[in-house]
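Worksheet: the structure to be examined is printed underneath.
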Amino acid sequence: MLLAIDTSAGTSVAVVDREGGVLSERSVEDTRRHAEVIGTLIRECLDAAGIAIARLSGVAVGMGPGPFTGLRVGIAAANAFAFGAGKPVVRVVSHDAVAFARYAAGETGPLLVTTDARRHERYWSAYSGADEFSLPIRVEGPGLDRPDHLPQGVTGHPGHRRVDADWVSAASVGLLAETLYAHGRDFAGAEPLYLRSPDVTLSAGPKRVTA
């Protein structure tokens, strides 16, 4: 049983179980309120599922791609919760969770998953299909491009159906993590998939003050 978190687009939290499915999920699609709502969503999901923290086996978190400010809120929340609860963190690519949900629901064939990267750009990942466990087979990406430059097909895998996701469901993140674990597949790495520098950076030195 996992607590799952994703803030690569909006803010989404869920409690999932490999046998029981989605026990609870709460989401806020506003992309500027991650830090404001994440704690409340975690508490509401645990309460709605009626699950004591001790019963969780771990915390699943989406690693992006996503904008720096929002994505790091979810990753930090997952790490802090896991540390306090004494549970492991398992990581997945957020786009893989979107594709997994589509394939698990019966969709077949190549997909091109995109999410909003701001600055009039889209994050994208291309999939040739899914395996026998509905686990998506990513063939390119995650990448970053302008919408009019997005590949409508990937070399060797033409005809991708484009899926523009407004947000990433934490339930899909959690169920993907459960399925990866059940079949001995690798999780994502520990590095967040920002794909570009943060919108705000610190200056190189102290600001000069003049009279």
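Throughout, read-outs are computed from the coordinates displayed, never taken from laboratory work. The structure presented is a predicted model; accordingly, all values stated were derived computationally and were not measured. Please note: Cβ atoms are built from the backbone with ideal geometry, for glycine as well, and neighbour counts cover all protein chains shown.
First select every other residue whose beta carbon is under 15 angstrom from the beta carbon of residue 43; then total the charges, Lys and Arg +1, Asp and Glu -1.
With Lys, Arg at +1 and Asp, Glu at -1, the neighbours total -3.
Treating the stretch 51-102 as a set of equal point scatterers at the Cα positions, no solvent, please give the Debye-formula log₁₀ I(q)/I(0) at q = 0.13 Å⁻¹.
Debye curve over Cα of the stretch 51-102, log10 I(q)/I(0) at q = 0.13 Å⁻¹: -0.35.
Given axes a ≥ b ≥ c from the Cα gyration tensor, I'd like to know whether the chain is rounded (a/c under 1.5), prolate (a/b larger than b/c) or oblate.
Oblate.
Sort 148, 17 so the one with the fewest other Cβ atoms within 10 Å of its own Cβ comes first.
Numbers: 148 7, 17 18.
Sorted ascending by nearby Cβ count, the order is 148, 17.
Can you give me the relative contact order of the stretch 1-103 as a percent, contacts being Cα pairs under 8 Å and 6 or more apart?
It rounds to 30 percent for the stretch 1-103.
Report relative contact order for the chain in percent, whole number only (criteria: Cα-Cα under 8 Å, sequence separation at least 6). List each step's numbers first, then the result.
Working: 473 pairs, mean separation 53.3, N = 211.
After rounding, I find 25 percent.
Give, as a single signed number, the net charge of other residues whose beta carbon lies under 13 Å from the beta carbon of residue 173, with Lys and Arg counted +1 and Asp and Glu -1.
Details: positive: 91; negative: 6, 25, 96, 178.
It works out to a net charge of -3.
When the helices in the chain are scored as -39500 (n - 2.57) per DSSP H run of 4 or longer and the sum is shared across all residues, what 222 nm value do you end up with, to the nearest 500 deg cm²/dmol? Kindly include the intermediate steps, with their values, before the conclusion.
Numbers: 4 runs with 58 residues, N = 211.
Calculated at 222 nm, the ellipticity per residue is -9000 deg cm²/dmol.
Tell me, what is the FRET efficiency for residue 53 and residue 186 to the nearest 0.05, using R0 = 45 angstrom and their Cβ-Cβ distance as r?
FRET efficiency, residue 53 to residue 186: 0.95.
What length, rounded to one decimal in nm, is gained on full extension from residue 43 through to residue 105, with 0.36 nm per residue of separation minus their alpha-carbon distance? Mind dumping the intermediate values first?
Numbers: separation 62, 0.36 × 62 = 22.32 nm, distance 2.84 nm.
Here the answer is 19.5 nm.
Give, rounded to the nearest 20 debye, the magnitude of the charge dipole that the chain has about its Cα centre when Lys and Arg contribute +1 at Cβ and Asp and Glu contribute -1 at Cβ.
720
Which of 48, 117, 171 ends up with the largest GNM mean-square fluctuation for the chain, with Cα atoms connected below 10 Å?
48
Would you work out which of 80, 167, 12 lies farthest towards the positive end of the dipole of the chain? Charges go on Cβ: Lys and Arg +1, Asp and Glu -1.
80
Considering the chain as a Gaussian network with a 10 Å cut-off on Cα pairs, which listed residue, 169, 94, 128, attains the greatest mean-square fluctuation?
Between 169, 94, 128, it is 128 that shows the largest mean-square fluctuation.
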